[in-house]
1. How far, in nm, would the chain grow between Glu51 and Tyr218 when pulled straight, counting 0.36 nm per residue and subtracting the alpha carbon separation?
2. Under the classification rounded if a/c is under 1.5, otherwise prolate if a/b is larger than b/c and oblate if not, where does region 76-226 fall, given a ≥ b ≥ c as square roots of the Cα gyration tensor eigenvalues?
3. What does the charge dipole of region 76-226 about its Cα centre add up to, to the nearest 20 debye, if the Cβ of each Lys and Arg holds +1 and the Cβ of each Asp and Glu holds -1?
4. Of Lys118/Lys210; Lys130/Lys207; Lys91/Lys122, which sit over 26 Å apart, Cα to Cα?
5. Just rank Val154, Val174, fewest to most, by other beta-carbon atoms within 10 angstrom.
Amino acid sequence: MKEIFQLIGAVIFSLGGAGAIIFALSSWLGKVWANRILEEEKKKHQLEIEEYKSKLMLELNKVNSLNQKALYITKVQYNKEFGIYQDIWEKLFDCIVATINLYPSFDEVPTDEDEKQKWIDKKYENYRDKYNLYSRTIDRYAPFYEENFYHSFVEVRKNCSKMGTIFKRYNYDVKYNMTYAIVRDVSMTEKEHEEVYDNIPKALEEKRNKLQCNIHEYLKKLQVVQS
């Protein structure tokens, strides 16, 4: 390196004053080009930075938009579904109580036949009204809540319907329906007896408890998401 500078110095010295001018001009041109190159690099990097910032802001806006949308939907969904489950649960509870009351473990049956029939009519009418109201409610709200809960509600309805059908058969159809004209004295089978006093009440209780836990957990998750 030392030898190079010595050689350059010797050339400039040999050129005399012209050499000094050439050296000064070279230094000036070198600075101009260096500055120009530096400015070009700065502009290039600035453009890259601006472009990156624009892309970053665009992505950030997308994320914020999605978050706001999800939060809004979750709040609406939570408020809507909470009201739906409240309404359905009231109808479900009443329907199950009215269903089990058709064949309770202990009951005071009137001894007078007319009073007994009125007592039977009252129980069945109460069951029928509660069952129909529950059935309409779960179907009316079906598009607005979780599908898996709808299937569970339908299972409850099936069990209630099964018990109601047995009650109607032996308290009305056997007595008055012409289909049973020659078998008016038919009574419940052992299997049906087990169904109405054991299997169906147990299934309804289990389904209700499971639904209660599942709905509670589901609503709690919605609260966590929206907060």
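1. On the way: separation 167, 0.36 × 167 = 60.12 nm, distance 4.36 nm.
Extending this stretch completely gives an extra 55.8 nm.
2. The shape class here is prolate.
3. Here the size comes out at about 540 debye.
4. Working: Lys118/Lys210 36 Å; Lys130/Lys207 18 Å; Lys91/Lys122 19 Å.
Too far apart for the 26 Å limit: Lys118/Lys210.
5. Details: Val154 14, Val174 18.
Ascending number of Cβ neighbours within 10 Å: Val154, Val174.
Coordinate-derived values only; no laboratory data. These figures come from a predicted structure and were not determined experimentally. Methodologically, a virtual Cβ is constructed for each residue, glycine included, from the backbone with ideal geometry; neighbour enumeration extends over all protein chains shown.
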